[in-house]
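One structure is given here, and the rest of the page talks about it.
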Amino acid sequence: MNPELLERLLIDRGLGALAPDAVQLLDAYLREHPQEAASARDYSNVASLARRALATPEGVTLPAFPRDRILLAERTAQRWRRARAGLAVAASIVVGFGLAWMALPRTGVAPVDGGPPQMAAAEMEGSNSSSLWSAERAFGRSSPARSAGAPAGFTWTSTGRRPAFGDRS
């Protein structure tokens with residue numbers, strides 16, 4: 001008999017996976033060849049030791065599978081991945097704006113041109129206020145439909161719409 005075939009048959013017999021008629025034929029062969037009978041005992045001993053090592057003792061129950069903890073860990077990991085992706089996009093935008101701002105040419109602030117000097121002087125003469133920075137003058141320019149006797153100011157009393165200049169209560 002081929003040594004590899006004999007080894008497979010001995011392993012199957014030790015594990016109990018061999019058919020009963022094949023076991024009888026193998027036992028008859030081993031009676032005729034005592035040198036292979038010693039190796040057959042070794043395979044049987046190894047298989048019985050493996051069964052005892054893998055067997056669970058009586059009354060011992062395995063703990064439940066931690067399915068909920070695993071799902072929670074997966075969800076948490078997914079949230080962190082999404083947060084990192086969002087932060088990467090935000091950082092890219094900030095870096096882009098920063099680089100664009102740095103690339104802009106640096107120029108001095110241009111003075112605001114108020115028009116020809118004679119026009120500014122005519123506006124001041126037409127005003128009934130003596131001060132250039134008076135509130136009456138500022139509100140007089142911003143709302144031309146204001147009546148002459150109404151006080152200058154801004155009053156908002158409605159909660160249904162946004163306020164606008166010229167609103168009165």
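The values are calculated or read from the model by the stated rules, or taken from the named source; none is laboratory data. Since this is a predicted model, take the numbers as computed values, not measurements. Here the Cβ positions follow ideal geometry from the backbone for every residue, glycine too, while neighbour counts run over all protein chains shown.
Couple of notes before you dig in:
- Pairs where the first residue, in the stretch 1-20, is touching a residue at least 12 places away in the same chain (Cβ under 8 Å) and in a loop (DSSP other than H, G, I, E, B) and the second is among the hydroxyl-bearing types (Ser, Thr, Tyr) and surrounded by 10 or more Cβ atoms within 10 Å (Cβ to Cβ), C-beta under 8 Å, 6+ apart: Met1/Tyr29
- Failed item in (1) surrounded by 10 or more Cβ atoms within 10 Å (Cβ to Cβ); (2) over 30 Å from Leu6 (Cβ atoms); (3) not hydrophobic (A, V, I, L, M, F, W, C), with Asp68 passing the rest: (1)
- Assessment of the stretch 102-111 against the conditions (part of a helix (DSSP H, G or I) and surrounded by 10 or more Cβ atoms within 10 Å (Cβ to Cβ)) yields no matching residue.
- Here Ser92 meets each of (1) polar (S, T, N, Q); (2) under 55 Å from the mean Cα position of the chain (by Cα); (3) at pLDDT below 90 with one exception, condition (3).
- Within the stretch 12-47, tally of residues that are of a type in the set (Asp, Glu) and under 60 Å from the mean Cα position of the chain (by Cα): 2
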